[in-house]
Amino acid sequence: MKTYTLFAPAKINLFLEILGLRSDGFHELVMALHSIGLGDRLTLRANGTENLRLFCSSAELAENEDNLAYRAARLMQAQFPQAFARYGGVDIELEKNIPIAAGLAGGSADAAAVLVGLNLLWELGLTAPELQSLGAPLGSDIPFCVAGGAALATGRGEQIDPLPTLDHLWLVLGKYQSLAVSTPWAYQTYRQQFEENYLPSGAAQRKRTQEIHAGALIQGLFQRQASQVGRALYNDLEKAVLPAYPQVARLREVMSETGGLGTMMSGSGPTVFTLCETESQARELKEKIRRQIPDPDLGLWTAPLISHGIRVLA
């Protein structure tokens, strides 16, 4: 029976601006996203039954419809019933390395890996854009996670335009492992506090998107000017999350003071990252942060920025 093992990398937000509301109830966003070398490992194998089964290494994760990886498998089963009938059920083993509820798109990365893996296992021959379109209704980050690298994400995050990568850089990430921030809560709180600043839909939002596309961060990516990118890091959701979570605000302050090219919270948090020029600098900053915050609940990781999304390992 065929088996595929895949690497599902996490992502960080280099930029996140909330423009306004959409007619579907989501927010209109402009984000710059980048894949990182911290990722989950998923193994998919035919199990000779008519069942889709998910096994997770983390007891915190559900192994049913509450898990995006399982929902991705069910989606593929519904979309391609003839392939499912021909090849049968699948066991999915998920080795969880990406922190959970961290603003790093771990669940979306896992779902993207399942889409890619079943495409191979069932010999569907789907292209990356087709997989991205399939995954978009499940989660706004899934289209990016399929291809990875660096991208400008617009709409609710599902519209992807590739950008040059900064895969020569490293970063240090910090997250309190017992702390989770709800993404819906973060957006709802931001809306309650800042809705008066929202742009009307249509021309005003398109104009702002164009301004960002020509802005300092995107120019820094195209010119591979890491220091310029570090100075231009931006995340609207910090305005909602940091005042409500003093631990995250303090972590961001400490990480920023240790050095590096720039520090920011990723997505809806609570992970905070600092961009670094080299692996050795990232490791040095990690040790400095550990000395200043010796809390055993604080998880710290170093990882490179990478130029790919889901990758087949075997």
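Among the residues of segment 176-197, those identified as under 14 Å from LEU242 (Cα atoms) and of a type in the set (Phe, Trp, Tyr) are TYR176, TRP185, TYR187, TYR190. For segment 17-66, enumerate the residues that are surrounded by 14 or more Cβ atoms within 10 Å (Cβ to Cβ) and among the aromatic types (Phe, Trp, Tyr). If the condition is that a residue be surrounded by 14 or more Cβ atoms within 10 Å (Cβ to Cβ) and among the aromatic types (Phe, Trp, Tyr), then PHE26 is the only one that fits.
The one condition from (1) assigned to a helix (DSSP H, G or I); (2) surrounded by fewer than 20 Cβ atoms within 10 Å (Cβ to Cβ) that VAL146 does not meet is (2). Within segment 226-249, the presence of at least one residue that is part of a helix (DSSP H, G or I), touching a helix residue (DSSP H, G or I) at 6+ places or on another chain (Cβ under 6 Å), without any contact (Cβ under 8 Å) to a residue 24 or more places away in the chain and closer than 29 Å to PRO164 by Cβ is confirmed. Check whether at least one residue in segment 182-192 is surrounded by 18 or more Cβ atoms within 10 Å (Cβ to Cβ), out of contact with any helix residue (DSSP H, G or I) (no Cβ under 6 Å at 6 or more places or on another chain) and of a type in the set (Val, Ile, Thr), and report yes or no. Scanning segment 182-192, I find no residue that is surrounded by 18 or more Cβ atoms within 10 Å (Cβ to Cβ), out of contact with any helix residue (DSSP H, G or I) (no Cβ under 6 Å at 6 or more places or on another chain) and of a type in the set (Val, Ile, Thr), so the answer is no.
Output the residues belonging to segment 156-175 that are part of a strand (DSSP E or B), of a type outside the set (Val, Ile, Thr) and farther than 19 Å from ALA128 by Cα. Give the derivation first.
Applying the first criterion (part of a strand (DSSP E or B)) to segment 156-175 yields 159-163, 170-175.
Retained after the next criterion (residues that are of a type outside the set (Val, Ile, Thr)): 159, 161-163, 170-171, 173-175.
Within segment 156-175, TRP170, LEU171, LEU173, GLY174, LYS175 qualify.
Would you confirm whether any residue within segment 71-85 is closer than 30 Å to SER201 by Cβ, under 12 Å from the mean Cα position of the chain (by Cα) and touching a residue at least 24 places away in the same chain (Cβ under 8 Å)? Scanning segment 71-85 turns up no residue that is closer than 30 Å to SER201 by Cβ, under 12 Å from the mean Cα position of the chain (by Cα) and touching a residue at least 24 places away in the same chain (Cβ under 8 Å). On the basis of being of a type in the set (A, V, I, L, M), surrounded by 14 or more Cβ atoms within 10 Å (Cβ to Cβ), assigned by TED's automatic domain parsing to the domain that holds PRO9 and not in a helix (DSSP H, G or I), does LEU199 make the cut? So LEU199 does not fit the description; no.
Does SER178 fit the bill of being assigned to a loop (DSSP other than H, G, I, E, B) and small (Gly, Ala, Ser)?
Taking the combined requirement at face value, the residue satisfies it.
Contact map, segment 147-169: residues that are hydroxyl-bearing (Ser, Thr, Tyr) paired with residues that are surrounded by fewer than 20 Cβ atoms within 10 Å (Cβ to Cβ) and modelled with pLDDT of 95 or more, Cβ distance under 7 Å, separation 6+ or inter-chain. Pairs shown: THR165/SER307. Does segment 181-190 include one or more residues that are modelled with pLDDT of 95 or more, farther than 24 Å from HIS308 by Cα, β-branched (Val, Ile, Thr) and not assigned by TED's automatic domain parsing to the domain that holds ASN97? Looking for residues that are modelled with pLDDT of 95 or more, farther than 24 Å from HIS308 by Cα, β-branched (Val, Ile, Thr) and not assigned by TED's automatic domain parsing to the domain that holds ASN97, one finds at least one in segment 181-190, hence yes. Looking at (1) within 30 Å of LEU275 (Cβ to Cβ); (2) at pLDDT 95 or above; (3) surrounded by fewer than 18 Cβ atoms within 10 Å (Cβ to Cβ), which one does ALA109 not meet, given that it meets all the others? It is condition (3) that ALA109 fails.
For segment 257-314, which residues satisfy the criterion of being surrounded by fewer than 18 Cβ atoms within 10 Å (Cβ to Cβ), in contact (Cβ under 8 Å) with a residue 12 or more places away in the chain and assigned to a helix (DSSP H, G or I)? Selection gives GLU279, ARG283, LYS288, GLN292.
The values are calculated or read from the model by the stated rules, or taken from the named source; none is laboratory data. It should be emphasised that the depicted structure is a prediction, and the values quoted were computed from it without experimental measurement. Counting neighbours? That spans all protein chains shown, and the Cβs are built from the backbone with ideal geometry, glycine included.
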